[in-house]
Amino acid sequence: MSRISKEQVAHVAHLARLSFSEEELEKFTHQLDAIITYAEQLNELDTSNVKPTSHVLDMKNVMREDVPEKGLPREEVLKNAPDHQDGLIRVPSILE
Amino acid sequence: MALFDYKLKDLHELLHKKEIAVSDLVDESYKRIKEVDGKIQAFITLDEERARERAKNMDDAVARGEDSGVLFGMPIGIKDNIVTKGLRTTCASKMLENFDPIYDATVVEKLRNAGTITIGKLNMDEFAMGSSTETSYFQKTYNPWNLERVPGGSSGGSAAAVAAGEVPFALGSDTGGSIRQPAAFCGIVGLKPTYGRVSRFGLVAFASSLDQIGPMTKTVEDNAYLLQAIAGLDQNDSTSANVPVPNYVEQLTGDIKGLKIAVPKEYLGEGVGEAARNAVLEALKVLEKLGATWEEVSLPHSKYGVATYYLLASSEASSNLARFDGIRYGYRAKDAQNLIDLYKKTRSEGFGDEVKRRIMLGTFALSSGYYDAYYKKAQQVRTLIKKDFDDVFKKYDVIIGPTTPTPAFKIGELIDDPLTMYANDILTIPVNLAGVPGISVPCGFHNGLPLGLQIIGKHFDEGTVYRVAHAFEQATDYHKQKPQL
């Protein structure tokens, strides 16, 4: 039985802000299903009392002095923006 | 003997005695690139004008008696996911095809302060996702030992450029084996440092809890010099470690008497090819002769490494790559109707298939209802994998095995088979999950293709890793072989 349906893949694609053609959706459903099935071998292990590791080094919050510093110059920041005007980044309308 | 056949220390001597000039080194790089890069396609972008200008200024400084450190005047190649101010940094993606960074990564700044000269930016798998450098948007890179084979990946451009003598050294990055595997495939030395040893500031993030930048060189000694220059705490990376950086080169004594080596049976068992296994057994004999002892141990959770890695790395990637939205920098799709449409079109047109596949897997593993079953489960298994290493390191100084199960595979052989491609990283991935350092050094050939020996150390014990790698290298001739191009 497949672990993931085409509808689920379409939903995940929306969450990831990706769009796929029907054909791509078929391919990704097939490949993701194989990868997820493979990943389920982890269920062989009993991890009920195991703490999750998100980070290997024993570090807590890293603090620094809160010293005001100059930011990057606006022209520099806008240098890589695909569309800008009057020092502002321009985007398509965000309200209907 | 070509200029780049000399090791770093000898090149430095030649410069110091004024037998060569910095300009000669830079000339050698571009000359060699013109000769062979058409065949291997290691570079995405060259920085020739600025490099020549810098070389000239440095030669003027030499004339004034200002040559200092060992890296002064040395040409270097930089993997194209490490940002370089004013030099296009693409991550081998259409998404960043025209991205012109406005600052330097910490490693780039440190290298510049040490006097290196950036020759150009090196090809890689798109956003470092891949094991063959075939997922690059721009070009494939070809293995200098056999042009029908992949150079490995994701730092395939870095490995191929060093192996082909285009640059004497390069920087790569390693999330699941991306320095060590291409180093093995191209017959060079590649180190993935301890997580936190080198600042990640300016490394375009793939999986932040696993990524490390490291040196790729022809010899262990050169590697140690480069790590010396880039290691250390950085204000701009809160995960860089506040641990003193020792003198690595000083530790290359050649003496490994009494060294205790652990050889995991999982690293010589099922799924590992005979050539790789035999080369490691031969290498162990060499190390025994030098006074080390070895015993078989077990890293019982090794076989879960690949599944754990793909869930965790893809989850982190799906979050990290959310920033590529077509708004502030990078590619932006045309004719979007609204903001969501802009995001979707931009990302669908800007990313390649492997990147999309991993974003999808990661988004799925983090999504509501699946988080505990996949993401959290993988984090728990990561704890078990890390504990395997901790247990072994209570009794042994280093762990040794092959870097990869096989030598370089053919171009196109695995590109449509993601799971088999992922399995190629089975011996390198656990090292990233545990956060320990690992190096690959040349240890033999099979049908004319190089094989790599992987030496894994304790957290922040790069010194011992280098000492063992160097002792092995000095006792063997594999690193002296060169590909015929």
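The values are calculated or read from the model by the stated rules, or taken from the named source; none is laboratory data. It should be emphasised that the depicted structure is a prediction, and the values quoted were computed from it without experimental measurement. Cβ: placed from backbone, ideal geometry, glycine included. Neighbour counts: every protein chain shown. Accessible surface is based on the protein model in full, side chains and every heavy atom, while ligands, DNA and RNA are left aside. Shrake-Rupley method; radii C 1.70, N 1.55, O 1.52, S 1.80 Å.
Within the range B:215-356, the ratio Rg/Rh, alpha carbon atoms throughout and Rh by Kirkwood, equals 1.13. Once all protein chains are placed together, A:Thr29 keeps about 20 Å² accessible to a 1.4 angstrom probe. The phi-based Karplus calculation (6.51 cos²θ - 1.76 cosθ + 1.60; θ = phi - 60°) puts the 3J(HN,Hα) values of the range A:74-85 at 4, 4, 5, 5, 7, 4, 9, 6, x, 8, 8, 8 Hz, whole numbers, x for Gly and Pro. Computed from backbone phi with θ = phi - 60° and the Karplus coefficients 6.51, -1.76 and 1.60, the 3J(HN,Hα) list for the range B:212-225 is 9, 8, x, x, 10, 9, 7, 10, 5, 4, 4, 4, 5, 4 Hz; x is used for glycine and proline.
Beyond a 28 Å Cα-Cα separation, which of these cross-linked pairs lie in this structure: B:Lys356/B:Lys482; A:Lys60/B:Lys260; B:Lys356/B:Lys377; B:Lys34/B:Lys56? If you can, show how the numbers build up before the last one.
Numbers: B:Lys356/B:Lys482 37 Å; A:Lys60/B:Lys260 33 Å; B:Lys356/B:Lys377 23 Å; B:Lys34/B:Lys56 20 Å.
Pairs exceeding 28 Å: B:Lys356/B:Lys482; A:Lys60/B:Lys260.
Residues whose amide H falls under 5 Å from that of B:Val243, counting only those 5 or more places apart or on a different chain, are B:Leu233, with hydrogens built in the peptide plane. Based on the reciprocal of the average 1/r between different C-alpha atoms, the Kirkwood radius for the protein assembly as shown equals 24.2 Å.
Keeping every protein chain in place, order B:Leu449, A:Leu15, A:Leu72 by accessible area at 1.4 Å, biggest value first, i.e. largest first.
Details: B:Leu449 10, A:Leu15 80, A:Leu72 100 Å².
Final ranking, largest accessible area leading: A:Leu72, A:Leu15, B:Leu449.
May I ask for log10 I(q)/I(0) of the range A:1-59 at q = 0.18, 0.25, 0.27, 0.29 Å⁻¹, from a Debye sum over the Cα atoms as equal point scatterers with solvent left out? Rounded to two decimals, the profile gives -0.76, -0.97, -1.05, -1.14. Of all aspartates and glutamates in the structure, those lying under 16 Å Cα to Cα from B:Lys192, and not within fewer than 8 positions of it along the same chain, are B:Asp174, B:Asp211, B:Glu221, B:Asp222, B:Asp425, B:Asp461, B:Glu462.
Counting only DSSP beta bridges with both residues in the protein assembly as shown, what percent are antiparallel, rounded to the nearest 5?
Details: 34 of 48 bridges.
Antiparallel bridges make up about 70 percent of those DSSP assigns within the protein assembly as shown.
Taking GluC sites (Glu not before Pro) in DSSP loop states with no more than 13 other Cβ atoms inside 10 Å as exposed sites, chain B has its longest site-free stretch at B:271-485. The range B:314-345 and the range B:421-458 have Cα centres spaced 35 Å apart. The percentage of C-alpha pairs in chain B whose separation is greater than 45 Å is 7%.
Please give me the summed charge of the neighbours of B:Pro168: other residues whose Cβ is under 11 Å from its Cβ, Lys and Arg +1, Asp and Glu -1. Could you put the intermediate results ahead of the total?
Details: positive: B:Lys7, B:Arg32, B:Lys218; negative: B:Asp5, B:Asp10, B:Glu28, B:Glu166, B:Asp222.
Once all neighbours under 11 Å are counted, the net charge is -2.
The range A:20-48 and the range B:77-96 have Cα centres lying 31 Å from one another. Working from Cα pairs under 8 Å separated by at least six residues, relative contact order for chain A is 18 percent.
Calculate, in nm to one decimal, what B:Ile415 and B:Lys257 gain on full extension: separation in residues at 0.36 nm each, minus their alpha carbon distance. Mind showing how you got there, number by number?
Values: separation 158, 0.36 × 158 = 56.88 nm, distance 4.41 nm.
Stretched fully, the B:Ile415-B:Lys257 segment lengthens by 52.5 nm.
What percent antiparallel are the DSSP beta bridges of chain B, to the nearest 5? List each step's numbers first, then the result.
On the way: 32 of 46 bridges.
Around 70 percent antiparallel, to the nearest 5.
For the range B:145-176 versus the range B:241-293, the inter-centroid distance based on Cα atoms is 23 Å.
Is the range B:293-338 best put as rounded, prolate or oblate by its Cα gyration tensor, with a ≥ b ≥ c the root eigenvalues, rounded for a/c under 1.5, and otherwise prolate when a/b is larger than b/c, oblate when not?
It is prolate, given that a/c is not under 1.5 and a/b is the larger ratio.
Suppose the chain between A:Glu75 and A:Leu57 were pulled fully straight at 0.36 nm per residue; how much longer would it get relative to their current alpha carbon spacing?
On the way: separation 18, 0.36 × 18 = 6.48 nm, distance 3.83 nm.
Taking 0.36 nm per residue and subtracting the Cα distance, the gain is 2.7 nm.
Students sometimes get this wrong: rank B:Lys56, B:Lys289 by accessible area, probe 1.4 Å, all chains present, largest first. Show your work: numbers first, answer last.
Numbers: B:Lys56 120, B:Lys289 185 Å².
Ranked list, largest accessible area first: B:Lys289, B:Lys56.
Candidate cross-link partners of B:Lys376 among the lysines, defined by an alpha-carbon separation under 16 Å and a same-chain spacing of 8 or more, comprise A:Lys51, B:Lys386.
Residues of B:98-107, mean number of Cβ from any other protein chain within 10 Å of their own Cβ, rounded to a whole number?
Numbers: counts 2, 2, 3, 2, 8, 2, 0, 0, 0, 0.
If you average over the peptide's residues, the count of other-chain Cβ atoms is 2.
Between the Cα long axis of helix A:22-39 and the first principal axis of chain A there is an angle of about 70°, rounded to the nearest 10. For chain B, the relative contact order works out to 18 percent when only alpha carbon pairs closer than 8 Å and six or more residues apart are counted.
Ordered from highest to lowest accessible area with the whole protein assembly present and a 1.4 Å probe, B:His479, B:His446, A:His11 read as A:His11, B:His446, B:His479.
Per-atom-type breakdown for chain A gives carbon and sulfur 51% of the accessible area (1.4 Å probe, protein chains only). The amide H of B:Val297, built 1.01 Å from its N in the peptide plane, has B:Val263, B:Lys265 as neighbours under 5 Å, considering only residues 5 or more places off or on other chains.
What do you get for trypsin sites (Lys or Arg not before Pro) in the range B:310-347 restricted to DSSP loop and a cutoff of at most 13 other Cβ within 10 Å of the site's Cβ?
Details: sites: B:Arg323, B:Arg328, B:Arg332, B:Lys334, B:Lys344, B:Lys345, B:Arg347; in loops: B:Arg328, B:Arg332, B:Lys334.
Sites meeting the loop and neighbour criteria: B:Lys334.
Entry note, chain B: the mean residue ellipticity at 222 nm calculated from DSSP H runs of n ≥ 4, each adding -39500 (n - 2.57), is -11500 deg cm²/dmol after division by the residues and rounding to the nearest 500.
Give me the net charge of B:Tyr304's neighbourhood, meaning all other residues with Cβ under 15 Å from the Cβ of B:Tyr304; Lys, Arg count +1, Asp, Glu -1. Don't jump to the answer; show the numbers that get you there.
On the way: positive: B:Lys303, B:Lys376, B:Lys377, B:Arg382, B:Lys386, B:Lys387; negative: A:Glu40, A:Glu44, A:Asp46, B:Glu266, B:Glu270, B:Asp388, B:Asp425.
Net charge around B:Tyr304: -1.
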